[in-house]
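Colleague: Take this structure, written in structure tokens, and hold onto it; I'll ask about it next.
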Amino acid sequence: MPKNFRDLSEREILALAISLEEEDIPTYSDIAEAMRENYPGTAHVFAAMSEEENGHRYRLLELYHTKVGDHIPLIRLRMLKVSWSGSHSGCSVLSVSIKCAFKWY
């Protein structure tokens, strides 16, 4: 049975934020590569987005290691039950995850 997003610990929310960033990096890189020949300007935007996501991932990993330790639990969006009113997209979950994670600063 999927775990409810609302029941995640701060450690699990931060781990989820890291995993979501890790999923986005190759997605943007693949889009950039596919568009490079015919749409170089758009490809550049997606390549920059991939680099930005990698920066987010790095900062989240740094925060995790500082606050929690070395072991990052495996947690993926598909493993969760997200049930609140409004958007159910990965972006909204990531936004909430990152806001919770950065409360630790």
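The values are calculated or read from the model by the stated rules, or taken from the named source; none is laboratory data. Note that the coordinates shown come from a computational prediction; the quantities given were computed from them, not determined experimentally. In this analysis, Cβ positions are derived from the backbone assuming ideal geometry, glycine residues included, and neighbour counts consider all displayed protein chains.
Colleague: Is it the case, given these coordinates, that Arg6 is surrounded by 17 or more Cβ atoms within 10 Å (Cβ to Cβ) and farther than 14 Å from Arg78 by Cβ?
Modeller: On the way: surrounded by 17 or more Cβ atoms within 10 Å (Cβ to Cβ): no; farther than 14 Å from Arg78 by Cβ: yes.
Considered against the rule, which asks whether it is surrounded by 17 or more Cβ atoms within 10 Å (Cβ to Cβ) and farther than 14 Å from Arg78 by Cβ, Arg6 comes out as no.
Colleague: Under 7 Å between Cβ atoms, at least 6 apart or on separate chains: pull out the pairs that start in region 63-79 with a residue that is closer than 10 Å to Leu16 by Cβ and end on any residue that is part of a loop (DSSP other than H, G, I, E, B) and modelled with pLDDT under 80.
Modeller: Met79/Pro2
Colleague: Exactly one condition in (1) at pLDDT 95 or above; (2) closer than 27 Å to Gly69 by Cβ; (3) among the charged types (D, E, K, R) is not met by Glu53; state its number.
Modeller: Against the list (1) at pLDDT 95 or above; (2) closer than 27 Å to Gly69 by Cβ; (3) among the charged types (D, E, K, R), Glu53 comes up short only on (1).
Colleague: Going through Glu33, Glu53 one at a time, which residue ends up being without any contact (Cβ under 8 Å) to a residue 60 or more places away in the chain, crowded, with 18+ Cβ neighbours inside 10 Å and in contact with a helix residue (DSSP H, G or I) (Cβ under 8 Å, 6 or more places away or on another chain)?
Modeller: Details: Glu33 fails: crowded, with 18+ Cβ neighbours inside 10 Å.
Among Glu33, Glu53, only Glu53 is without any contact (Cβ under 8 Å) to a residue 60 or more places away in the chain, crowded, with 18+ Cβ neighbours inside 10 Å and in contact with a helix residue (DSSP H, G or I) (Cβ under 8 Å, 6 or more places away or on another chain).
Colleague: Restricting attention to region 26-72, report how many residues are outside any helix (DSSP H, G or I), among the acidic types (Asp, Glu) and over 27 Å from Ile13 (Cβ atoms). Before you say what the answer is, go through the steps one by one.
Modeller: Initial filter on region 26-72 (outside any helix (DSSP H, G or I)): 36-39, 68-72.
Those still in the list that are among the acidic types (Asp, Glu) too: 37, 70.
Checking which are over 27 Å from Ile13 (Cβ atoms) leaves us with 37.
So the count comes out to 1.
Colleague: Is it true that Ile25 is under 21 Å from Lys67 (Cα atoms) and among the hydrophobic types (A, V, I, L, M, F, W, C)? Full working, then the answer.
Modeller: Details: under 21 Å from Lys67 (Cα atoms): no; among the hydrophobic types (A, V, I, L, M, F, W, C): yes.
So Ile25 does not fit the description; no.
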